[in-house]
Amino acid sequence: MFIRKRRGWEIPESRVTPEHLVFGRRAALGGLALGGAMALANPAPAAEEAFNPGLRNMRYRPGRDVTAERNATTYNNYYEFGTDKGIYRAAERLPLRPWTVQVDGLVDRPREYAIDDLLQAMPIEERVYRLRCVEAWSMVVPWSGFPLKALLDAVGPQSGAKYVRFETAALRGVMPGLRQSWYPWPYVEGCTLEEAANDLSFMVVGAYGKKLLPQNGAPLRVHQPWKYGFKAGKSLVRITLTAERPKSFWEAIQPQEYGFWANINPEVSHPRWSQASERVLGTGERVPTQLFNGYGEFVADLYAGLQQERLWA
Amino acid sequence: MMQAMLRAAFPPALPPGRARPFPFPWRDRAGRFSWLKAATFALLLAPGAWVAWLAAADGLGPEPWKDGLREIGLWAIRLLLLTLAVTPFARLLAWPRLATLRRMIGLGALGYALLHLAMYAANENFRLLHIAGEIALRFYLTIGFVALLAMAALGWTSTDGWVRALGRRWKRLHLLIWPIAALGVFHFFLQSPKSGLWEAVLAAGLLLWLAFWRLLPAGWRANPLALLALAPAAALGAALVEYAWYALGTNLPAAMILAANLDVGFELRPAVWAGLVALAVPAVACLRKIMD
């Protein structure tokens, strides 16, 4: 029997957006005129205008409504700025320019990118991903960014490179959390080179059509939506290709609860709570959690032959 | 047994003419309106009203049930500690009427603890089988639930009828408040998702102070020097609890966290706060003596 499994980007014709909605010319022009008038009255900062969110990649469909921007930008874990979720005001102090990202380690062309040069050099697109936090909540965010693969191609991984290490900024002056000196700062995350080269691995520079905000990891963060959110290191200053597996921040603190792989699996509980379901931020809904957060068709083959690893936490 | 329980919980009506007025929380034992009790009752309701208002005004954030149930649980712990603080304060302030508030505050703590469980169930969409499974499986839920059951038993037996019926055994039964408080604080430690134990450590320090005070020989309990000595004892106890927590449960350098208690330039650690609160006690006691 011929069984046809639809890939994530293959959708029936019936779900195609009607043309008049896509090319709503009159409405768009009207909006433009209104927007123009408003811009004249109240000029937006130049940086706002300069940001290009990219075209939406329709391959990855969230299957849920996009989370309200207010929720995604006011409910954040960012321990450098504090241990509660309301750090967005404290995070405003993060200076986003100038910002350099060092890409080094086992690569042919190590390079230090000024963030704006990196944004120019990379193919920016928009992707709507689900984000599942290890604390059993989730959100759906339209991120702008580029595939990590594009950056890897630019620097040329050497044959000895096995892992990618992501290092978050540690700025003593503006990050009060660093005063808790017993944490293993800087925040480090990592994955295998194969995982990094998977098309889903995304380097985020914007959200909701705008430049990324500090609380969401500006100016550059990694996001691998099939892994728990703590794997998505924020405000990256260094990306290093290594031969040794990096030890990530939470793995260093509580290895019995937070591991290196941290792939999402509803059947493997956190030692202290169930991962079977998740609350979707702002909706009041609780939905079943999916294996690999529902991205299994894109990433499951990465783990063939790795069953002896602790893939799920 | 069942009959005795019911009789104690619902004492028979008194003959007409001697009818006891309904024991509304704002009435004293003689049935008169009491400002002290009314104010206490209002204050007990305030945190719940505040959380309800936040919930109505969309002020609890994108996870309102979780944040709300945490806040309510926090108040259950705070009121439990306050219940235990009534006796020492009545004694140190030489204000015996304070002791008449203890039952109401204790029932307030029970009320918040029950609400906390109900909100947990709501956050789990009232899937009762799943909830029962979680309580059995997750250690922090198990101990929280055990503490709540014991607390409910104390609440049930808090009536005058039960006090009479149990006689001297009542006091022994109600000593259960100590293990309940200890379990509650332990539950508080365990539930924090990744870290951030600040108030749990403070609660541990205050609970230690309350326990130490009762361990003092009766004649020393109002002695300023003994009270002064309790402050560093509570602070050290809280610091050691925190140290043990990080040393046993995490790979964090617990010694560094212990040492951070001495670095008061950045922030006052919760153990230090416990000590400072405890230091206020002899100060208040002295003030009270001067006023006499």
In Hz, Karplus ³J(HN,Hα) per residue of region B:95-101 (6.51, -1.76, 1.60; θ = phi - 60°; x = Gly, Pro): 10, x, 4, 3, 4, 6, 8
For region B:27-96, with equal point scatterers placed on the C-alpha atoms only and solvent neglected, what are the log10 I(q)/I(0) values from the Debye formula at q = 0.11, 0.22, 0.28 1/Å, to two decimals? -0.41, -0.99, -1.20
How long, wide and thick is the protein assembly as shown, going by the Cα atoms along their three principal axes, in whole angstroms, largest first? 88, 62, 54
Relative to the Cα centre, what is the charge dipole magnitude of region B:37-191, using +1 at the beta carbon of each Lys and Arg, -1 at the beta carbon of each Asp and Glu, and rounding to the nearest 20 debye? 980
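Just the number: Rg to Rh for region A:69-134, Cα atoms, Kirkwood Rh, two decimals. Provide the component values of the computation, followed by the final result.
Values: Rg = 15.7 Å, Rh = 15.0 Å.
Taking Rh as the inverse mean 1/r over Cα pairs, Rg/Rh reads 1.05.
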Under 8 Å for C-alpha pairs, at least 6 residues apart: give me the relative contact order for region A:203-310, rounded to a whole percent. 18
What average number of partner chain Cβ atoms lie no more than 10 Å from the Cβ of the residues making up B:254-265? 2
Whole-Å distance, taken between Cα centres, linking region B:82-159 and region A:260-285: 28
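For B:Trp162, B:Trp75, which order do you get if you count the other beta carbons within 10 Å of each Cβ and list the fewest first?
Values: B:Trp162 20, B:Trp75 24.
With the sparsest Cβ surroundings first, the list reads B:Trp162, B:Trp75.
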Average beta-carbon neighbours from other chains, 10 Å sphere, peptide A:98-107: 0
For a paramagnetic label modelled at 7 Å from the Cα of B:Ala57 toward its Cβ, which residues of region A:69-92 fall within the zone defined by backbone nitrogen distances under 20 Å? A:70-71, A:74-75, A:85-89
Take every residue in peptide A:189-201, count the Cβ atoms of other chains within 10 Å of its Cβ, and give the average of those counts. 0
Everything considered on the Cα gyration tensor (a ≥ b ≥ c; rounded for a/c under 1.5, else prolate if a/b is larger than b/c, else oblate), chain B must be described as oblate
Based on alpha-carbon centroids, what's the gap between region A:162-195 and region A:201-240 in Å, whole number please? 13
Residue by residue through region A:132-142, the couplings from Karplus 6.51 cos²θ - 1.76 cosθ + 1.60 with θ = phi - 60°, in Hz, x for Gly and Pro, are 10, 7, 5, 7, 6, 10, 8, 8, 10, 10, x
Fewest-first ranking of A:Tyr88, B:Tyr246, using other Cβ atoms within 10 Å as the exposure measure: A:Tyr88, B:Tyr246
Counting Lys and Arg as +1 and Asp and Glu as -1, what is the net charge of the other residues whose Cβ lies under 14 Å from the Cβ of B:Trp178? +3
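How much FRET efficiency would the formula 1/(1 + (r/R0)^6) give for B:Glu267 and B:Thr87, where r is the Cβ-Cβ distance and R0 is 25 Å, rounded to 0.05?
On the way: r = 32 Å, r/R0 = 1.28.
E(calc), rounded to 0.05, equals 0.20.
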Phi-derived 3J(HN,Hα) across region A:240-253 with the Karplus relation (6.51, -1.76, 1.60, θ = phi - 60°), rounded Hz, x for Gly and Pro, is 10, 8, 10, 8, 9, 5, x, 9, 7, 3, 6, 5, 5, 7
Kirkwood calc, region B:171-255, C-alpha pairs only, radius in angstrom 14.1
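In µm²/s, what is D for region A:238-313 at 25 °C and 0.890 mPa s, where D = kT/(6 pi eta Rh) by Stokes-Einstein and Rh is the Kirkwood radius from Cα pairs? Let's see the in-between values first.
Details: Rh = 14.3 Å.
In µm²/s, the coefficient rounds to 172.
Tally Lys and Arg at +1 and Asp and Glu at -1 over the other residues with C-beta under 12 Å from the C-beta of A:Pro255: what net charge comes out? Numbers along the way, then the final one.
On the way: positive: A:Lys247, A:Arg310; negative: A:Glu251, A:Glu257.
Once positives and negatives cancel, what remains is 0.
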The FRET efficiency for B:Thr159 and B:Leu43, from their Cβ-Cβ distance with R0 = 22 Å and rounded to 0.05, is 0.45
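Quick note: the coordinates plus some simple rules give every number you see, no bench work behind them. Quick caveat: nothing in here was measured; it's all calculated off a predicted structure. Cβ coordinates were reconstructed from backbone atoms using ideal geometry, including for glycine residues, and neighbour counts include every protein chain displayed.
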